[in-house]
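S.K.: First the structure, which I've put down as structure tokens, then a few questions once you've had a look.
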Amino acid sequence: MCFVMALYADLRLKLNTAMSSRQIAKRKAAAGSAWDSHLDASRAYILKNLGDANKGKVVILGSGHLFDVPLVDLSKAFKQVVLVDVEHPKSAKKAVKALGNVKLVTCDVTGINNQLSQQDRPAPCPPKDLLADADFTVSLNLISQIPLWPQDYLTKQGKHSDETINTYLKSLIQNHLDWLKSAPGIKCVIGDQEQQLCNKGKVFHTEDTLFGLELPPADETWTWKIAPKPIWDKSCDLQHKVCAFRIE
Ligand SMILES: C[S@@+](CC[C@H](N)C(=O)[O-])C[C@H]1O[C@@H](n2cnc3c(N)ncnc32)[C@H](O)[C@@H]1O
């Protein structure tokens with residue numbers, strides 16, 4: 001394996017294990033203000049797109065620590081705010097206490113994580129009723145996270161080729177987009193589509209985080225400086241290309 005690939009494999013491994021909701025606060029703290037522009041852009045895109053929505057119910061998928069969620073604005077604008085994550089950290093539980101119209105829903109949006117040990121590559125089964133009466137839904141910095149735990153599980157299991165695993169992981173993201181498409185109201189996706197290794201502002205390696213899945217054209221793109229050096233490596237920065245679009 002060439003040096004760049006070896007470096008990348010190592011970074012990817014660390015990043016995969018690092019992006020659970022439990023770890024994300026640590027990563028943010030380590031990056032200091034480097035995340036600010038990404039968090040600002042995520043919040044601004046949400047606020048820009050809620051204008052046309054009926055103001056009954058908003059659902060945020062992948063709410064985590066709420067770093068990228070304009071929670072107070074959403075709570076003022078909508079009758080009900082639903083925050084969805086596999087795991088709600090203490091910080092989120094605390095933040096919603098003060099707001100009477102915000103509900104936390106704990107669930108896996110793919111519906112497969114509990115099935116993986118019982119079935120071979122189970123078909124995704126997103127929570128049926130979660131979006132049934134949503135006026136505005138945001139998949140928030142989640143699409144590249146969806147495959148991580150299944151990828152880890154299937155790779156450790158050692159039963160399938162990388163190609164078979166990657167095809168399955170891609171189908172999980174596609175199913176997430178199809179699920180959003182089938183929902184009523186306005187649907188937005190903010191998510192990263194590419195990891196980049198960068199030295200002195202120059203990208204020297206890129207990796208598709210969506211296993212070849214093509215997304216609809218983006219309204220906006222920006223860079224998430226997720227791990228400036230020396231967080232992951234003393235010689236390079238790790239960053240994500242983030243895109244934001246509506247699902248029509
Ligand atoms: C990169 S974080 C998004 C940032 C988050 N909004 C924050 O401010 O902490 C991705 C979030 O998606 C959640 N997540 C990952 N896979 C999920 C799944 N299958 N179902 C629901 N939530 C998931 C993680 O727990 C994490 O909180």
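The values are calculated or read from the model by the stated rules, or taken from the named source; none is laboratory data. In this text, all values refer to a predicted model and were calculated from it rather than measured experimentally. Neighbour counts are summed over all protein chains in view; Cβ atoms, including those assigned to glycine, are modelled from backbone coordinates with ideal geometry. Heavy atoms of the whole protein, side chains included, go into the accessibility calculation; ligands, DNA and RNA do not. Shrake-Rupley method; radii C 1.70, N 1.55, O 1.52, S 1.80 Å.
S.K.: Relative to the longest principal axis of the C-alpha atoms of the chain, give the angle of the C-alpha long axis of helix 21-31, reported between 0 and 90° and rounded to the nearest 10°.
M.R.: With both axes taken from Cα atoms, the answer is about 70 degrees.
S.K.: With an 8 Å cut-off on Cα pairs and a minimum separation of 6 or more residues, tell me the relative contact order of the chain in percent. Before the final figure, lay out each step's value.
M.R.: On the way: 420 pairs, mean separation 47.5, N = 248.
Worked out over the chain, it gives 19 percent.
S.K.: Name the most mobile residue of Gln119, Gln195, Gln145, meaning the one with the largest mean-square fluctuation, in a Gaussian network model of the chain with Cα contacts below 10 Å.
M.R.: Gln119
S.K.: When the Karplus curve 6.51 cos²θ - 1.76 cosθ + 1.60 is applied with θ = phi - 60°, which whole-Hz ³J(HN,Hα) does each residue of the stretch 41-57 get, with x for Gly and Pro?
M.R.: 5, 5, 4, 5, 5, 4, 5, 5, 8, 7, x, 7, 6, 4, 9, x, 10
S.K.: Also, quick follow-up: What percentages, rounded to whole numbers, describe P(r) for the chain computed over all alpha carbon pairs with 10 Å bin width beginning at zero?
M.R.: Bin by bin from 0 Å, the calculated values are 7, 31, 37, 20, 4, 0.
S.K.: Moving on. Compare Gly158, Gly62, Gly185 in a GNM of the chain, Cα atoms joined below 10 Å, and give the one with the largest fluctuation.
M.R.: Gly158
S.K.: Scan the stretch 92-153 for trypsin sites (Lys or Arg not before Pro) in coil per DSSP, keeping those whose Cβ has at most 11 other Cβ atoms within 10 Å, and list them by number.
M.R.: On the way: sites: Lys93, Lys94, Lys97, Lys103, Lys128; in loops: Lys128.
Answer by residue number: Lys128.
S.K.: Could you compute the FRET efficiency for Ser37 and Asn101, with r as their C-beta to C-beta distance and R0 at 45 Å, rounded to 0.05?
M.R.: Numbers: r = 30 Å, r/R0 = 0.66.
So, using R0 = 45 Å, E works out to roughly 0.95.
S.K.: Still on this structure, I have one more. GNM, the chain, Cα, under 10 Å: largest mean-square fluctuation among Tyr45, Tyr153, Tyr168?
M.R.: Highest fluctuation of the listed residues: Tyr153.
S.K.: I've got another one for you. Using the alpha-carbon centroid of each, what span in Å lies between the stretch 49-92 and the stretch 188-248?
M.R.: Going from one Cα centre to the other spans 24 Å.
S.K.: Amide H neighbours of Asn141 under 5 Å, at least 5 residues apart or on other chains, H built in the peptide plane: list them.
M.R.: Ile190, Gly191
S.K.: Hey, another quick one. Decide, for the stretch 42-148, between rounded, prolate and oblate: order the square roots of the alpha carbon gyration tensor eigenvalues as a ≥ b ≥ c, take rounded if a/c falls under 1.5, and otherwise choose prolate if a/b is larger than b/c, else oblate. Could the numbers behind the result be given before it?
M.R.: On the way: a/c = 1.98, a/b = 1.69, b/c = 1.17.
It is prolate, given that a/c is not under 1.5 and a/b is the larger ratio.
S.K.: Still on this structure, I have one more. Determine the sum of side-chain charges near His160: Lys and Arg each +1, Asp and Glu each -1, restricted to other residues whose C-beta is under 11 angstrom from that of His160.
M.R.: Numbers: positive: Arg121, Lys159; negative: Asp120, Asp162, Glu163.
In short, -1.
S.K.: Can you give the accessible area per residue of the stretch 3-247, in Å², using a 1.4 Å probe? The partial results should precede the final answer.
M.R.: On the way: 11610 Å² over 245 residues.
Value returned for the stretch 3-247: 47 Å² of accessible area per residue.
S.K.: Relative contact order, percent, of the stretch 171-248 when contacts are C-alpha pairs under 8 Å separated by at least 6 residues? Could you put the intermediate results ahead of the total?
M.R.: On the way: 135 pairs, mean separation 30.4, N = 78.
It comes to 39 percent, rounded to a whole number.
S.K.: Further question: Given just the C-alpha atoms of the stretch 89-164, how large is their convex hull per residue in cubic angstrom? Walk me through the intermediate numbers first.
M.R.: Numbers: hull volume 10.2 nm³, N = 76.
Hull volume normalised by residue count: 134 Å³.
S.K.: Quote the FRET efficiency, to the nearest 0.05, computed for Asn113 versus Lys26 with a Förster distance R0 of 25 Å and r equal to the Cβ-Cβ distance. Show your work: numbers first, answer last.
M.R.: Values: r = 22 Å, r/R0 = 0.90.
After rounding, the FRET efficiency stands at 0.65.
S.K.: If the limit is 31 Å between Cα atoms, which of Lys103/Lys234; Lys57/Lys202; Lys94/Lys202; Lys187/Lys241; Lys93/Lys159 go over it?
M.R.: Working: Lys103/Lys234 41 Å; Lys57/Lys202 42 Å; Lys94/Lys202 40 Å; Lys187/Lys241 20 Å; Lys93/Lys159 39 Å.
Pairs exceeding the cut-off: Lys103/Lys234; Lys57/Lys202; Lys94/Lys202; Lys93/Lys159.
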